[in-house]
Amino acid sequence: GYSSMLQLVRLPFSEIKVDKSFVMTATSSSESRAVVRSVVDLGHSLGLLATAEGVEDAATLAYLESIGCDQAQGYFIARPLDGNAALEWLRQRG
């Protein structure tokens with residue numbers, strides 16, 4: 001609780017991640033949407049990038065875009081890739 005929040009402002013973080021348990025239920029749960037939006041807003045207010053984990057579908061990605069989430073990761077975007085496959089994935093998306 002408090003000690004985690006204290007670390008957030010004292011340590012040199014560049015990014016805050018939204019846990020996939022909230023992201024994966026954001027389209028069906030108003031409580032999850034509130035948590036996701038709050039974490040994104042908190043990150044931005046501290047000058048951090050906000051990254052959502054567990055993006056599984058287009059509706060979730062659209063919601064994250066609508067609230068200004070900076071980055072997303074999950075199976076909807078790509079399955080886990082090794083280094084060479086990740087470079088090829090990036091090249092294809094130029």
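Worth a mention:
- The sole residue among G94, G83, G74, G43 that is open to solvent by 60 Å² or more (accessible area, probe 1.4 Å) and out of contact with any Pro (no Cβ under 6 Å at 6 or more places or on another chain) is G94.
- Taken over the range 12-31, residues that are over 17 Å from G74 (Cα atoms) and either open to solvent by less than 50 Å² (accessible area, probe 1.4 Å) or without any contact (Cβ under 8 Å) to a residue 24 or more places away in the chain (or both) amount to 5.
- Inclusion of A26 among residues that are in contact with a Lys or Arg (Cβ under 7 Å, 6 or more places away or on another chain) and closer than 13 Å to Y63 by Cβ is warranted.
- Among the residues making up the range 25-58, a single one is more than 14 Å from M5 (Cα to Cα) and at pLDDT below 95: G47.
- Answer residue from the range 3-32, given it is in contact with a helix residue (DSSP H, G or I) (Cβ under 7 Å, 6 or more places away or on another chain) and assigned to a helix (DSSP H, G or I) and is farthest from L49 (Cα to Cα) among those: S32
- Those residues of the range 62-94 which are assigned to a loop (DSSP other than H, G, I, E, B), under 12 Å from the mean Cα position of the chain (by Cα) and among the charged types (D, E, K, R), in sequence order: D70
- Selection count where residues are in contact with a helix residue (DSSP H, G or I) (Cβ under 8 Å, 6 or more places away or on another chain) and either open to solvent by less than 60 Å² (accessible area, probe 1.4 Å) or in a loop (DSSP other than H, G, I, E, B) (or both), scope the range 49-61: 6
The values are calculated or read from the model by the stated rules, or taken from the named source; none is laboratory data. The structure presented is a predicted model; accordingly, all values stated were derived computationally and were not measured. A quick note on method: Cβ atoms are made from the backbone with ideal geometry, for glycine too, and the neighbour counts reach across all protein chains shown. What goes into the accessible areas is simple: the full protein's heavy atoms, side chains included, and nothing from ligands, DNA or RNA. Shrake-Rupley method; radii C 1.70, N 1.55, O 1.52, S 1.80 Å.
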